[in-house]
Amino acid sequence: MSDSLTTAEIATQPECWQRAAGLVPAEGRKLPRDGERLAVIGCGTSWFMAQSYAALRERGGHGETDAFAASEFPSGRRYDRVLAITRSGTTTEVLRACERLRAAGVPVTAVTADPATPVRDHADEVVVLDFADERSVVQTRFATTVLALLRGHLGEDLTAAVADAREAVADDLAPDTVAAGQFTFLGTGWTYGLAQEAALKMREAAGAWTEAYPAMEYRHGPISITGPGRAVWSFGPLPAGLAEDIAATGGRLESRPAADPLADLIRAQRLAVAIAEAKGYDPDRPRNLTRSVVLP
């Protein structure tokens, strides 16, 4: 078992999700209301959580929802509210977007891990998940706790997800998967954001060759990279026939269709740490990265 800080933070996710679910009655009034036309913004991991939430919110009939990297927010488009996800509360692109939105009269709600940061002055409402903050540069528990909170606010019962998360923390990782030389992560609907995030974790912590695609797009070119010694990881059930196509390439398939996909992301986080440490990297302090991107 790794003794890295990241590993310790990954292991706390079931408790963090449970605590987030308990916050819904008190903090729910700050979060997007049913029927609002919503945009969700973030950078890196937060952007991928925004993508997953946007897909879940629309699928549930709660209102039209778009997700953008904060730097790519379309300034001329009108929304009833913007939800900003920012662990540090200091990311330049997020703060600049919030400042422009408030100047235009658009309400902004921010979800952050640290209330004593500039984002409090750039949002109308702030939801604080300080218990899910991290010392590691790499985001794990904060991001998934935000999505757990938002899923709970959409009316989901997270009991099964928390139980699956406990299993994901304790399960052994398959040696063949840890040893794979390349990884392709697949998702459908809201789980495509999870696939993107899993690939990011592998790049950040382990410097691994990873890609992510919507599952149905995988046949349209990306399948050509799969083969012996390489792995495909599916978040949620695969489309019909795709498992057989992967098997025909000789690649290894990782798929747990009965598990909550957010819990399965925990396994991917643990995989990233395992590969990083096998290479002699420090997963807590990845190369070329800082906790927050703050520009002049």
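The values are calculated or read from the model by the stated rules, or taken from the named source; none is laboratory data. None of the values given here were measured: they were computed from a predicted structure. No Cβ is skipped: glycine too gets one built from the backbone with ideal geometry, and neighbour counts run over all protein chains shown. Heavy atoms of the whole protein, side chains included, go into the accessibility calculation; ligands, DNA and RNA do not. Shrake-Rupley method; radii C 1.70, N 1.55, O 1.52, S 1.80 Å.
If only residues of the range 103-117 that are modelled with pLDDT of 95 or more and either in a helix (DSSP H, G or I) or open to solvent by less than 40 Å² (accessible area, probe 1.4 Å) (or both) are counted, the one that is nearest to residue 16 (Cα to Cα) is 113.
Residues checked against (1) in a loop (DSSP other than H, G, I, E, B); (2) surrounded by fewer than 19 Cβ atoms within 10 Å (Cβ to Cβ); (3) free of Cβ contacts under 8 Å to residues at least 12 places away in the same chain:
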position	(1), (2), (3)
2	yes, yes, no
8	no, yes, yes
14	no, no, no
20	no, no, no
24	no, no, no
27	no, no, no
34	yes, yes, no
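Taking the range 140-255 and the helices (runs of 4 or more DSSP H) fully enclosed by it, the elements with 2 or more residues that are closer than 15 Å to residue 49 by Cα, modelled with pLDDT of 95 or more and of a type in the set (D, E, K, R) are at 141-153, 191-206.
For every residue, the table says whether it meets (1) touching a strand residue (DSSP E or B) at 6+ places or on another chain (Cβ under 9 Å); (2) acidic (Asp, Glu); (3) closer than 30 Å to residue 281 by Cα; (4) surrounded by fewer than 23 Cβ atoms within 10 Å (Cβ to Cβ).
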site	(1), (2), (3), (4)
61	no, no, no, yes
80	yes, yes, no, yes
97	yes, no, no, no
100	no, no, no, yes
149	yes, no, no, no
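For the range 168-178, the set of residues classified as surrounded by 13 or more Cβ atoms within 10 Å (Cβ to Cβ) and more than 19 Å from the chain's Cα centre (by Cα) consists of 171, 173, 174, 177, 178, listed by residue number. Residues in the range 275-282: is at least one open to solvent by 10 Å² or more (accessible area, probe 1.4 Å) and touching a strand residue (DSSP E or B) at 6+ places or on another chain (Cβ under 6 Å)? Taking every residue of the range 275-282 in turn, none turns out to be open to solvent by 10 Å² or more (accessible area, probe 1.4 Å) and touching a strand residue (DSSP E or B) at 6+ places or on another chain (Cβ under 6 Å). From the list 216, 202, the lone residue that is surrounded by 20 or more Cβ atoms within 10 Å (Cβ to Cβ) and under 21 Å from the mean Cα position of the chain (by Cα) is 202.
Screening 278, 206 for residues that are touching a helix residue (DSSP H, G or I) at 6+ places or on another chain (Cβ under 6 Å), hydrophobic (A, V, I, L, M, F, W, C) and at negative phi leaves exactly one candidate, 206.
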